[in-house]
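**Student:** Pasting in a structure now, in C-alpha cells, and then I'll have a few things to ask.
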Amino acid sequence: MIYRGSCHCQAVRFQVEAPESVEVERCNCSICRKAGFLHLIVPLSRFQLLAGEEAITTYTFNTGVARHTFCKICGVKPFYTPRSNPDGIDINVNCLDELPPELSIVDFDGQNWEENAHALAHKSMDE
C-alpha cells in the first residue's frame, strides 16, 4: 500500500510503500521519547519526498550517523535516516495521513541501543 504523510504545516510531504499490516517501534531513547516518534523503518527505495526539500533542516548528535530531519516551519520530524538502518528511512507513523489498517506497536529499548540495534537491521532490506 502507498501511505501519504506530512509534517504539521504540510510543507514537507512524502509517500511510503508499506504493507497493510505493520509492526512499529516505540523507542525509549532520549530523543524518541521526548518527540513521541513511532518507527516504521523501510528501505529507502520505498520512500518518496513529494514536496518540501527546502523546508527540511537536519540535526545530528552523538555518532552523527542518524540524520534527524525536521520541518523548518512547524518543527515536526516526519522521517529521518536512522542509525540502526542508515541505508533505509524511518517514518513517524504519527505523521501519516491514514494509519495502516493493522498496526502493532512494540517497545524498543533505545536507552540500551548498542545491545538492541541488531533487532532492527532487517527492516531496511528490500525483500
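The values are calculated or read from the model by the stated rules, or taken from the named source; none is laboratory data. Values in this document were obtained by computation on a predicted structure and should not be read as measured data. Neighbour counts run over all protein chains shown; Cβ positions are idealised from the backbone, glycine included.
**Student:** Kindly indicate whether Val76 is within 11 Å of the chain's Cα centre (by Cα), of a type in the set (Val, Ile, Thr) and surrounded by 16 or more Cβ atoms within 10 Å (Cβ to Cβ).
**Tutor:** The answer is no for Val76.
**Student:** Mind checking which residues of the stretch 12-28 are surrounded by 18 or more Cβ atoms within 10 Å (Cβ to Cβ) and not in a strand (DSSP E or B)?
**Tutor:** Within the stretch 12-28, Val12, Ala18 meet the criteria.
**Student:** Please work out if Asn62 is at pLDDT below 90, in a loop (DSSP other than H, G, I, E, B) and surrounded by 15 or more Cβ atoms within 10 Å (Cβ to Cβ).
**Tutor:** So Asn62 does not fit the description; no.
**Student:** On to the next question. If you take the residues in the stretch 29-59 that are assigned to a loop (DSSP other than H, G, I, E, B) and either touching a Cys at 6+ places or on another chain (Cβ under 6 Å) or not aromatic (Phe, Trp, Tyr) (or both), which one is surrounded by the most Cβ atoms within 10 Å (Cβ to Cβ)?
**Tutor:** Taking the stretch 29-59 as the starting set, the residues that turn out to be assigned to a loop (DSSP other than H, G, I, E, B) are 29, 36-37, 52.
After this cut, where a residue has to be either touching a Cys at 6+ places or on another chain (Cβ under 6 Å) or not aromatic (Phe, Trp, Tyr) (or both) as well, the list is 29, 36, 52.
Numbers: Cys29: 17, Gly36: 10, Gly52: 19.
Filtering first and then ranking leaves Gly52.
**Student:** What number of residues within the stretch 84-127 satisfy the criterion of being modelled with pLDDT under 90, exposed (fewer than 11 other Cβ atoms within 10 Å of the Cβ) and under 30 Å from Gln10 (Cβ atoms)?
**Tutor:** So the answer is 1.
**Student:** Look through the stretch 81-111, keep the residues that are part of a helix (DSSP H, G or I) and over 11 Å from the mean Cα position of the chain (by Cα), and return whichever of them is nearest to Arg4 (Cα to Cα).
**Tutor:** Checking each candidate, the answer is Gly110.
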